[in-house]
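For reference, the structure discussed in these notes is given below.
Rule-based calculations on the coordinates, nothing more; no lab input. Just so it is clear, the structure is predicted and the values come from calculations on it, not from any experiment. We place every Cβ from the backbone using ideal geometry, glycine too, and count neighbours over all the protein chains shown.
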Amino acid sequence: MAEKIVPLSRRYEAHGEAFEAVTVREPRFEDLLALGEPYEVQRAAGNNVVIENVDTVAAYVRRCVVSPGIEKLGVLELADARLVRDAVIGFFMRTAQAGTE
């Protein structure tokens, strides 16, 4: 199973543990069945528009954070929180691109 290590912009401390990176795992088939797709593509004015399902993305992040543990990530600043979210979504983008090749 693939994992990504997301380096953060600074060192954080939460619940007595310091960390500078977050490790996320690739979503599994069981995650996909339980949560569905994190985004959908709609056609608008002749263009494809990607609509993110915020609740589904949040659920994937909660399931896929390996370390330091999801309960510690509440201290992340916005930019770092977005890096973690983007890492999880990146697994879906990678598989979508592979399907078009």
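Measuring r between the beta carbons of residue 41 and residue 3 and using R0 = 30 Å, the FRET efficiency lands at 0.65.
Given a cut-off of under 8 Å on Cα pairs at least six residues apart, what relative contact order in percent is computed for the chain? Present the calculation step by step, with values, prior to reporting the outcome.
Details: 119 pairs, mean separation 30.5, N = 101.
Result for the chain is 30 percent.
So for the chain, what are the equivalent ellipsoid semi-axes in whole Å, largest first, each being the square root of 5 times an eigenvalue of the Cα gyration tensor?
On the way: eigenvalues 146, 44, 31 Å².
Three semi-axes, in Å: 27, 15, 12.
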